[in-house]
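Every number here is computed from the coordinates shown, using simple stated rules; none is lab data. Computed from a predicted structure; not experimentally measured. Cβ atoms come from the backbone with ideal geometry, glycine included; neighbour counts cover every protein chain shown.
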Amino acid sequence: MARRLAAALGAHDVDAVVSLLAEDIRIAMPPFPAIWQGRERAARFLTEVAFRLVPEARFAETRANNQPALAVYTRDQAAGIWRGSGLLVITLRGDQIAGLTRFESHTLRRFGLPRMLPGSSLGEWAARP
């Protein structure tokens, strides 16, 4: 599921992301108090906020609290590197995503993930379990 979500997010494919979500999906980004509940709001959040603020991202699969997770890296064009920008923890219910919780970039180090990646790809990090 994490791999399919990463592909859909990386392609900015709102329909593909929404197809993975439970009807009552809950998206949160602690410590911010905002929560997006439901597929319709999730689609609006992706279109109006996430994909506008993050024009290009790469993802590395990992796990957090026994759940699948994605380390999120955004491109720094000037420096030619990918900077860690957060950890997206995926809560599953059956074969659907019931929750997405994004944590700040400082959490990456706790999971053995680098803060920055050189070059244009994730290299060894792309297939982390």
Tell me yes or no: at least one residue of segment 86-96 is within 13 Å of the chain's Cα centre (by Cα) and of a type in the set (D, E).
no
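Table: residues versus (1) farther than 24 Å from L117 by Cα; (2) touching a His at 6+ places or on another chain (Cβ under 6 Å); (3) hydroxyl-bearing (S, T, Y); (4) touching a residue at least 40 places away in the same chain (Cβ under 8 Å).
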site	(1), (2), (3), (4)
P30	yes, no, no, yes
E48	yes, no, no, no
P55	no, no, no, no
R63	no, no, no, yes
Condition first: under 16 Å from the mean Cα position of the chain (by Cα) and either more than 21 Å from T62 (Cβ to Cβ) or surrounded by 13 or more Cβ atoms within 10 Å (Cβ to Cβ) (or both). Now tell me which residues in segment 16-31 satisfy that.
A16, V17, V18, S19, L20, L21, I25, R26, I27, A28, M29
Scan the strands (runs of 3 or more DSSP E) fully inside segment 2-87 and keep the ones with 3 or more residues being under 22 Å from T107 (Cα atoms).
21-28, 57-64, 67-76
Qualifying residue in segment 94-109 (condition: without any contact (Cβ under 8 Å) to a residue 40 or more places away in the chain, over 19 Å from R4 (Cβ atoms), surrounded by 15 or more Cβ atoms within 10 Å (Cβ to Cβ) and among the basic types (K, R)):
no
